[in-house]
Every structure is written in C-alpha cells, then in structure tokens.
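These notes concern the structure reproduced below.
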Amino acid sequence: DVKVTQSSRYLVKRTGEKVFLECVQDMDHENMFWYRQDPGLGLRLIYFSYDVKMKEKGDIPEGYSVSREKKERFSLILESASTNQTSMYLCASSSGLSGYTFGSGTRLTVV
Amino acid sequence: GENVEQHPSTLSVQEGDSAVIKCTYSDSASNYFPWYKQELGKRPQLIIDIRSNVGEKKDQRIAVTLNKTAKHFSLHITETQPEDSAVYFCAASDLNSGYSTLTFGKGTMLLVSP
C-alpha cells in the first residue's frame with residue numbers, strides 16, 4: 001500500500017560528499033516535493049517539480065539540486081554535503097487538487 | 001509568499017479532554033488548508049482538510065474551522081485518547097496557483113496522558 005517510497009531510511013555521509021536521495025511515487029502525480037524537517041522549524045520546502053524535467057526552487061534551495069527524468073522519480077542532490085544539512089528529508093507528491101502523500105523520510109547525518 | 005503561524009508549540013491534555021490547535025495565514029489567496037498528523041518515527045499523514053468555500057468540517061472526533069476574514073483556522077479534537085499523541089502540522093495553499101505548494105506551520109506536539 002506504500003505509494004511514496006524513499007530509498008533510504010538512514011544515511012551517514014562525510015562532509016564534502018555528493019549525496020543522492022531518491023523518491024519514487026506510484027500514483028501518477030504531476031507534482032513532487034522535497035522538504036526538510038528540523039525540530040522547531042517544521043517542514044521547509046527545498047525544491048519542487050510540476051512536470052518531468054521541470055523544477056522550481058522552494059524556500060531553502062541553497063546547497064541542493066534536483067532531478068526529475070521520469071514522472072515517478074524525483075531525486076534530491078546535495079552537491080557537497082555539510083554538517084548543517086544533517087536533517088530529516090521528506091519527499092511528497094500530489095495531484096495538485098488536494099494534499100500531499102509523504103514518503104517515510106530519510107534521516108541524513110553528515111559527519 | 002505565504003506565512004503560516006501555529007500555536008501552541010506543545011499541548012498537554014488529559015485523556016477525554018478536548019484539544020485545540022490554532023493557525024493563522026498571511027496570503028488571502030490561500031484556499032486549501034490541510035492538517036497532518038505525524039506520529040513518532042512515521043511520515044506525516046493527512047487527517048482532515050478544508051477549502052475556503054466551507055466554514056467547518058467534521059470527521060468523527062476531529063473538526064476544522066476556518067475564518068477567512070481573520071485568516072485563521074483551527075483543529076479541534078474531542079474526547080482525546082493516548083493514540084492522539086503526535087505532532088500536528090497545519091498548512092495552507094492556493095490550489096489555483098498551478099503548483100499547489102503547501103506552506104506548513106512549525107507544528108504542535110500534542111501529549112495525551114491516560
């Protein structure tokens with residue numbers, strides 16, 4: 001019954017590494033999103049995509065990029081991981097007519 | 001852009017009491033207001049939503065009210081149970097914008113004591 005799948009639940013990476021977080025949805029949704037969740041700060045939008053190969057910056061895009069080569073897959077890329085990117089990353093998708101369906105999240109630790 | 005404020009940040013109640021969480025938004029174009037529940041270690045899940053053409057919506061023990069004039073909306077949980085303990089997020093969006101990004105409040109941790 002899982003509809004939005006994030007490839008890893010936990011990741012530990014070293015400072016300076018290039019990190020890929022993968023998200024796949026099986027609901028044929030047009031819109032996909034990446035948020036990061038930090039205590040006391042809620043969910044903050046990093047990037048989103050409303051179509052294949054399309055992407056838009058959210059509120060905190062610095063240090064991140066995204067890729068959407070297929071409708072069902074939306075990848076978040078940390079070009080050079082830093083310790084301040086240690087966080088919970090949540091992927092979501094929507095049809096644009098209602099709320100999101102979230103993935104289970106990836107807890108990334110950068111050491 | 002949209003800004004959503006959520007209060008309180010933590011809320012402790014006794015089992016059987018009611019709980020109310022309040023949110024305000026800034027963008028008068030917002031017309032969709034969902035609420036998410038996130039249990040510890042789990043993904044946020046949609047529990048109820050309301051659109052701007054409706055003032056109140058109820059689903060069993062939970063209800064949401066919307067005051068468009070004042071730009072605030074609230075989540076009401078009656079007869080709280082320990083399994084209601086979670087973090088609750090409100091959000092706002094303009095579904096006419098084409099992108100429909102949600103702006104979230106910072107969350108309310110609800111603790112229901114037996």
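The set of residues in the range A:28-53 that are without any contact (Cβ under 8 Å) to a residue 24 or more places away in the chain and within 10 Å of chain B (Cβ to nearest Cβ) comprises A:39, A:40, A:41, A:42, A:44, A:45, A:48. Within the range A:80-93, can one find any residue that is under 19 Å from residue B:37 (Cα atoms) and part of a loop (DSSP other than H, G, I, E, B)? So far as the range A:80-93 goes, no, none of its residues is under 19 Å from residue B:37 (Cα atoms) and part of a loop (DSSP other than H, G, I, E, B). Residues in the range A:8-29 that are within 12 Å of residue A:74 (Cβ to Cβ) and open to solvent by less than 80 Å² (accessible area, probe 1.4 Å): A:21, A:22, A:23, A:24, A:25, A:29.
For the range B:48-65, check the following and say yes or no: at least one residue is under 24 Å from residue A:58 (Cβ atoms) and open to solvent by 60 Å² or more (accessible area, probe 1.4 Å). Yes: the range B:48-65 contains one or more residues that are under 24 Å from residue A:58 (Cβ atoms) and open to solvent by 60 Å² or more (accessible area, probe 1.4 Å). Restricted to the range B:66-93, and to residues there that are open to solvent by less than 40 Å² (accessible area, probe 1.4 Å) and assigned to a loop (DSSP other than H, G, I, E, B), the residue that is farthest from the other protein chains (Cβ to nearest Cβ) is B:80.
Looking at the structure I just gave you, is residue A:101 at the interface with chain B (Cβ under 9 Å from one of its Cβ atoms), over 10 Å from the mean Cα position of the chain (by Cα) and surrounded by 14 or more Cβ atoms within 10 Å (Cβ to Cβ)? Spelling it out, residue A:101 is indeed at the interface with chain B (Cβ under 9 Å from one of its Cβ atoms), over 10 Å from the mean Cα position of the chain (by Cα) and surrounded by 14 or more Cβ atoms within 10 Å (Cβ to Cβ).
The values are calculated or read from the model by the stated rules, or taken from the named source; none is laboratory data. Quantities reported herein were computed from a predicted structural model and do not represent experimental measurements. Glycine also receives a Cβ, built like all others from the backbone with ideal geometry; neighbour counts cover every protein chain displayed. Accessible surface areas use protein heavy atoms only, side chains included; no ligands, DNA or RNA. Shrake-Rupley method; radii C 1.70, N 1.55, O 1.52, S 1.80 Å.
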